[in-house]
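Participant: Take this structure, written in structure tokens, and hold onto it; I'll ask about it next.
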Amino acid sequence: GILTFGGDRVAGREDAPSGATAFAVSNEGLRAYGFADGRVELRDRGGGDVRGLPALEGRVVAVAFDGGNLYAATDRVVAERPQDGDQIGPWRARPLIAGPPTAFAVSRGRAVVATPAGRQIYGIAGDAPPVQASVVATALAVKPDGSEIYAVDASGALHAIDPATGQEPWRPILGGGPARAIAYAAGPGRIVTAREAEAALDWFEAPRADDQ
């Protein structure tokens, strides 16, 4: 979903390609669309330049940009496609080990995948096993500096995860109800969640070290 606040308004509209199953926009306005047959397409802001990328194994369920790199998660693999200027490298993929994703986020070369069995944090470039976290998340967000991962569970409780260890540095914070989306607001340093069954937001202040 897309959230707007205050005086924000819809300023334009563009149609997604038929059959798209995932969508993301880079900071430069580049669009990425994923499809059920594993294809990923890149399109410019106006939609005139379409670049098809080699298909991945499985159905694409999420795509994301991190810096200049493109990430994708299918129901079988998580993959990174590095970019250097106008040059786009090949996909680097790793198999998922705990089932299809229910939520996906990336930051600083780490791909965070939530599944019905918990969460895995993958470093795509290496062969090290993913870091395991036990929380079953319905939505994920990552602090811009990559130092913490935030997850909301089915009850609406907020969890923080250390990406290096998979441990929770502070106790979960209870929310106002079941939530389906989460975002980190870098300006005020708050975590915002959107409730599932009503048009309402909850926001949280991450505890300071001396409050934990």
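The values are calculated or read from the model by the stated rules, or taken from the named source; none is laboratory data. Nothing here was measured: the structure is a model prediction, and the numbers come from that model. Glycine also receives a Cβ, built like all others from the backbone with ideal geometry; neighbour counts cover every protein chain displayed. The protein model used for the area step is the full one, side chains on, heavy atoms only, and it has no ligands, DNA or RNA in it. Shrake-Rupley method; radii C 1.70, N 1.55, O 1.52, S 1.80 Å.
Participant: Search the stretch 165-180 for residues that are within 19 Å of Val131 (Cβ to Cβ) and pair each with any residue that is of a type in the set (Asp, Glu) when their beta-carbon atoms are under 6 Å apart and the residues are at least 6 apart or on different chains.
Facilitator: Hits for this filter: Pro169/Asp162.
Participant: Oh, and also: Can you find a residue in the stretch 181-190 that is over 24 Å from Tyr122 (Cβ atoms) and modelled with pLDDT of 85 or more?
Facilitator: yes
Participant: Evaluate the stretch 68-84: report whether one residue or more is closer than 30 Å to Ala128 by Cβ, part of a strand (DSSP E or B) and modelled with pLDDT under 85.
Facilitator: Scanning the stretch 68-84 turns up at least one residue that is closer than 30 Å to Ala128 by Cβ, part of a strand (DSSP E or B) and modelled with pLDDT under 85.
Participant: Looking at Pro82, Pro101, Pro116 in this structure, which one is within 30 Å of Glu205 (Cα to Cα) and open to solvent by less than 40 Å² (accessible area, probe 1.4 Å)?
Facilitator: Checking each option against the conditions leaves just Pro101.
Participant: Let me ask you something else. What's the total number of residues in the stretch 151-177 that are touching a strand residue (DSSP E or B) at 6+ places or on another chain (Cβ under 7 Å) and farther than 18 Å from Gly109 by Cβ?
Facilitator: Looking only at that region, the number is 16.
Participant: Whether any residue in the stretch 39-50 is open to solvent by 80 Å² or more (accessible area, probe 1.4 Å), in a loop (DSSP other than H, G, I, E, B), modelled with pLDDT of 90 or more and under 25 Å from Gln120 (Cα atoms) is what I want to check.
Facilitator: So far as the stretch 39-50 goes, yes, one or more of its residues are open to solvent by 80 Å² or more (accessible area, probe 1.4 Å), in a loop (DSSP other than H, G, I, E, B), modelled with pLDDT of 90 or more and under 25 Å from Gln120 (Cα atoms).
Participant: Residues Ile97, Ile161: which one is modelled with pLDDT of 85 or more and either farther than 19 Å from Leu70 by Cα or in contact with a helix residue (DSSP H, G or I) (Cβ under 8 Å, 6 or more places away or on another chain) (or both)?
Facilitator: So the residue among Ile97, Ile161 that is modelled with pLDDT of 85 or more and either farther than 19 Å from Leu70 by Cα or in contact with a helix residue (DSSP H, G or I) (Cβ under 8 Å, 6 or more places away or on another chain) (or both) is Ile161.
Participant: Could you list, in sequence order, the residues of the stretch 158-195 that are hydrophobic (A, V, I, L, M, F, W, C), open to solvent by 60 Å² or more (accessible area, probe 1.4 Å) and within 19 Å of the chain's Cα centre (by Cα)?
Facilitator: Ala164, Ala186
Participant: Quick check on my filter: what residues within the stretch 51-64 are part of a loop (DSSP other than H, G, I, E, B), surrounded by fewer than 16 Cβ atoms within 10 Å (Cβ to Cβ) and charged (D, E, K, R)? I'd like the intermediate steps shown before the answer.
Facilitator: Narrowing the stretch 51-64 to residues part of a loop (DSSP other than H, G, I, E, B): 54-59.
When the remaining residues are screened for being surrounded by fewer than 16 Cβ atoms within 10 Å (Cβ to Cβ), the result is 54-55, 57.
Of everything in the stretch 51-64, just one residue is part of a loop (DSSP other than H, G, I, E, B), surrounded by fewer than 16 Cβ atoms within 10 Å (Cβ to Cβ) and charged (D, E, K, R), namely Glu57.
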